[in-house]
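Read through the structure below, which is laid out as structure tokens, and then see the notes.
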Amino acid sequence: MAFFDHHHFWTLTFGILGNIVSFFIFLALVPTFYIIYRNKSTKEFQSIPYLVALFSSMLWLYYAFLKGHSFLLITINSFGCVIEIVYITIYIAYAPRATRNSKIKLFVLMKKGLFSLLILITRFIPNDDTRTTVFGWICTTISLTTFAAPLNIMARVVRTNSVEFMSFSLSFFLTLSAIMWFGYGFFQKDWCIMIPNIVGFVLGLSQMVLYGYYRNREVIIIMDEEPVTVEIPPPIDAGEARADEQQPQPLQLPEGAVEVGVSGDDPGSDQPS
């Protein structure tokens, strides 16, 4: 009984700390969406990370209901669903028409299509424990795919020698969150929670190491624009010299020809110069 109380204490502790850290991570995007609201434009911001984050929170929320006795998983993922829906709504409101329509379709596809399909498939599994385990591994797989964004940022840092697009504080809190949720999964003996947070810890630590290594390095500017084609005029013939580069040479007139000069100061003059 004493062991159970000790076990429950650490599960509760790591779960509460994980909720606190994850809460601030979700709110870290508020400045980004304030910029979108202020400029009334999404500019170069992408919506895919927010759609994937919402989808992941929905999956973990359903997994927590299947698993039972997971109140701390329910609280943080419920908040995650709400805040991500707010972010996506703001993004869609200020996105260009074509982008808005495509994101709405993707949102409906992920929420009404894929999420409902996964729930429907797992409902055919008769055993409750097996159903929970299968859905837990689905959540783990989806969570692992969300690490593509950190890998992309790390690759950009190495390419450009610049940490402009990497936030040290965000990397630190993501690493801290991974530690807390790993501890929560460890004391619950839940590998579906532990595995993605092991990967998250490694990636978060790697980002902080990269930040420390590249923060004072010389920046390499990579131009993403397409090359511009410039038409080069043909070379000037040897007999044609520009007035600002070469003084006019005296002309050899044919016999019987009359030389007529035009003055630049008096366009109407037809007197020889």
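The values are calculated or read from the model by the stated rules, or taken from the named source; none is laboratory data. In this text, all values refer to a predicted model and were calculated from it rather than measured experimentally. When the accessible area is computed, the model is the full protein with side chains, heavy atoms only, and any ligands, DNA or RNA have been set aside. Shrake-Rupley method; radii C 1.70, N 1.55, O 1.52, S 1.80 Å.
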Original post:
For the stretch 1-100, what is the accessible area per residue in Å² when the probe is 1.4 Å?
Top reply: 56 Å²
Original post:
HN-Hα J couplings of the stretch 87-100 from phi, Karplus 6.51/-1.76/1.60, θ = phi - 60°, integer Hz, Gly and Pro as x?
Top reply: 4, 5, 4, 4, 4, 5, 5, 10, 7, x, 4, 5, 5, 4
Original post:
Can you list residues whose amide H is under 5 Å from residue 28's amide H, if they're 5+ apart or on another chain and H is modeled 1.01 Å from N?
Top reply: none
Original post:
HN-Hα J couplings of the stretch 180-189 from phi, Karplus 6.51/-1.76/1.60, θ = phi - 60°, integer Hz, Gly and Pro as x?
Top reply: 5, 6, 5, x, 4, x, 5, 6, 8, 6
Original post:
How much of the accessible area of the stretch 108-164, in percent, comes from carbon and sulfur atoms when a 1.4 Å probe is used?
Top reply: 67 percent
**OP:** Using Cα centres only, tell me the gap between the stretch 184-212 and the stretch 25-44 in whole Å.
**Re:** 27 Å
